[in-house]
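Quick note: the coordinates plus some simple rules give every number you see, no bench work behind them. All values reported here derive from a predicted model rather than from experimental measurement. Methodologically, a virtual Cβ is constructed for each residue, glycine included, from the backbone with ideal geometry; neighbour enumeration extends over all protein chains shown.
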Amino acid sequence: MTKSMFGDQKLMPTLIHYRTRCIGCNVCSEQDPIHWQISADDAKATLKGGITKGAVTICKISEIDKELSLHIAHNCPMRIIKVQD
Ligand code: SF4
């Protein structure tokens, strides 16, 4: 068996969020509530299950979720969402 048969996370796309510039417009959380929610604390979007380092939050996503995430990244008015292979 190869590593990928166990779902090697290195092969999964990465969703990247530069949260400090978020304006809380809700576009991401409306289109993908599985990965995004608006925080009750500061009204900015939060990437669910993400790991935050400094001003950047990252989260691995499945290939199936990649197309929707690219669509959301394109529609984010602040362009603070990136999808990386
Ligand atoms: S679409 Fe962009 S600006 Fe709008 S809430 Fe989501 S991350 Fe923030």
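Is it the case, given these coordinates, that Gln31 is in contact with a strand residue (DSSP E or B) (Cβ under 8 Å, 6 or more places away or on another chain) and either farther than 21 Å from Met12 by Cα or polar (S, T, N, Q) (or both)? So Gln31 does not fit the description; no. So which pairs qualify, if the first residue must be in the range 23-44 and acidic (Asp, Glu), the second must be more than 7 Å from the ligand (Cβ to nearest atom), the Cβ gap must be under 6 Å, and the two must be at least 6 apart or on different chains? Hits for this filter: Asp32/Leu68. All of Lys82, Lys66 fail the test of being more than 14 Å from the ligand (Cβ to nearest atom) and either surrounded by 14 or more Cβ atoms within 10 Å (Cβ to Cβ) or assigned to a strand (DSSP E or B) (or both), apart from Lys66.
Could you grab me the full set of residues in the range 26-82 that are touching a Gly at 6+ places or on another chain (Cβ under 7 Å) and aliphatic (A, V, I, L, M)? Within the range 26-82, Ile38, Ala43, Ala45, Ile58 qualify.
Every test in (1) free of Cβ contacts under 8 Å to residues at least 24 places away in the same chain; (2) within 14 Å of the ligand (Cβ to nearest atom); (3) of a type in the set (Lys, Arg) is passed by Lys53 save one, and that test is (2).
Residue by residue through the range 8-48, note down the ones that are more than 7 Å from the ligand (Cβ to nearest atom), polar (S, T, N, Q), over 13 Å from Lys82 (Cα atoms) and not in a helix (DSSP H, G or I).
Result: Gln37, Ser39, Thr46.
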